[in-house]
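In what follows, a structure is listed as C-alpha cells, so that the remarks can point back to it.
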Amino acid sequence: MDMTDLASRLASGDRRALARAITLVESRRADHREAALALLADLARSGREALRIGLSGTPGVGKSTFIESFGLRLTGQGLKVAVLAVDPSSARSGGSILGDKTRMERLSRDPQAFIRPSPSQTHLGGVARRTREAVALCEAAGFDVILIETVGVGQSETVVAQLCDLFLLLLAPAGGDELQGVKRGIMEMADLILVNKADGDLKPAALRTVADYAGALRLLRRRPQDPEGFPKAMPVSALEEQGLADAWAEMQALVAWRRETGHFDRRRAEQARHWFEEEVREGLLAVLSRPGPARDRMARLGAAVTRGEITPEAAAAELLTTL
Ligand SMILES: Nc1nc2c(ncn2[C@@H]2O[C@H](COP(=O)(O)OP(=O)(O)OP(=O)(O)O)[C@@H](O)[C@H]2O)c(=O)[nH]1
Ligand SMILES: [Mg+2]
C-alpha cells in the first residue's frame, strides 16, 4: 500500500481512500499499525477541524432515523457529514450500523456523506481507539460534521463523550411522569436532550417529557462550559423532520459560545491528555500480557509469591520498577 498516495487521496476527500485508511487503523497487524501511525502523524498536519457530535440513546429511540434526517439537513446546507459508531458488539442485538445503512438509505447514497459501521470488537478500549483515529481521518478528509453514535448502555457513552465536542442524548416520550431511568452520570454529560417522536399521538407525552427533563437539568450543578440556559431539553421528530433546525441552531450557538470563551479548545486539549493516558494504560497491560520478558518476570514473581518467598506487595513493587 502506497501511504503517500493514500494520504493525498484522503486529503482530497476521496471516500474510498478514507474507508481504506479506517480499515488500516482497525487492523491489529504490527506492520499495519506502524503504517497507520505514520499516516495519522502525516495527516495531523492538515489542521482541519470538524464539529464532533456524540449521539446516545437506547435501542429503538430513533438514532438511525435522526442521523438520516439530521445528516441530510446538514448535507443539504453543503456540509460534509461522516457517521461513526462506538459499540461494544456484545451490546448490539444484531443490528450494526451496517445493517442500518438500509435505514439510512438516503444518507448513505449522498455523496456529501460517509457512513462507517462499527468494527466487530468486543473490547471497548479497542473500539474507542479505532473510533478516535477514524475521527482524525474524517477530519483530515475535510468532513465538516462527524456524528458518533452509541447505544445507551454501559460505558460507551463515557467513551463517546471523550471523543466529541457536543453530546446529544436522544430520549423517547415517557409514559408516566417519571424520568426514564436515565442515569444521572449520563444526564450530566448531555449538552442537549432531544425527546424524539414528538409527532402524532406521542406529541403530548413528548412535550411533558421535555418539561420533566428541563426541570431535572435545572437541578444539576451548573457546568463551567455552559452559557445560561444550557444544557437544554427540546422536542424533535426525526421521522417528520420537526425541530431539527432548532436543535441545530442551539448546537451552533453553544459551540460559538464555547469557542469564544476557550472552552472548546480546552475540552479538546483535555481529551487529548485523557487518550494519551488511556493509551499508556492499555500499552502497559499489553506489555504484561504478551509473551516477553515482562510476562516472564511476572510469572517468576508470581510463583515466588505462591511459595511464600516474597509478599505480594514486594513482588509487585519489584516488577513495576522494571517496566
Ligand atoms: N413516530 C416516530 N417514530 C420514529 C421517529 N424516529 C424513529 N421512529 C421509529 O422508531 C423505530 C426505531 O427507529 P430507529 O431509528 O431504528 O432507532 P435506533 O435508535 O436507531 O434503534 P437501534 O439501532 O436498534 O438502537 C422505527 O420504527 C422508526 O420508524 C419519530 O420521530 N417519530
Ligand atoms: Mg439504529
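When peptides 312-320, 245-253, 134-142, 58-66 are ranked by their average number of other Cβ atoms within 10 Å per residue, the highest-first order is 134-142, 58-66, 245-253, 312-320.
Taking 0.36 nm per residue of separation and subtracting the Cα-Cα distance, what length does fully extending A269 through A211 add?
That works out to 17.4 nm of additional length.
For the chain, lysine pairs separated by 8 or more sequence positions, or belonging to different chains, with Cα-Cα distances below 18 Å total 6.
Tell me the mean residue ellipticity at 222 nm calculated for the chain from its helices only (DSSP H runs of n ≥ 4, each -39500 (n - 2.57), averaged over every residue, nearest 500).
Numbers: 14 runs with 173 residues, N = 323.
Taken over the chain, the calculation gives -17000 deg cm²/dmol.
Relative to the longest principal axis of the Cα atoms of the chain, the long axis of helix 124-140 lies at roughly 60 degrees. Antiparallel beta bridges, as assigned by DSSP with both residues in the chain, represent about 5 percent of the total such bridges.
Here the stretch 164-323 carries DSSP beta bridges of which approximately 10% are antiparallel, counting only pairs with both residues inside. May I ask for the distance between the Cα centers of the stretch 242-319 and the stretch 1-18, given as a whole number of Å? Each part reduced to its Cα centre gives a spacing of 30 Å.
Here is the list for the stretch 169-254: trypsin sites (Lys or Arg not before Pro) lying in DSSP coil, each with at most 12 other C-beta atoms within 10 angstrom of its C-beta, are K183, R221, R222. Working from Cα positions, state the angle (0 to 90°, nearest 10) between the long axis of helix 30-43 and the longest principal axis of the chain. The two axes meet at around 50 degrees. Extension gain, S27 to R297: 0.36 nm times the residue separation minus the Cα-Cα distance gives 94.3 nm.
Every read-out reported here was derived from the displayed coordinates using simple, explicitly stated rules and does not represent laboratory data. Predicted model, so just to flag it, every value in this text is computed and none were measured. Counting neighbours? That spans all protein chains shown, and the Cβs are built from the backbone with ideal geometry, glycine included.
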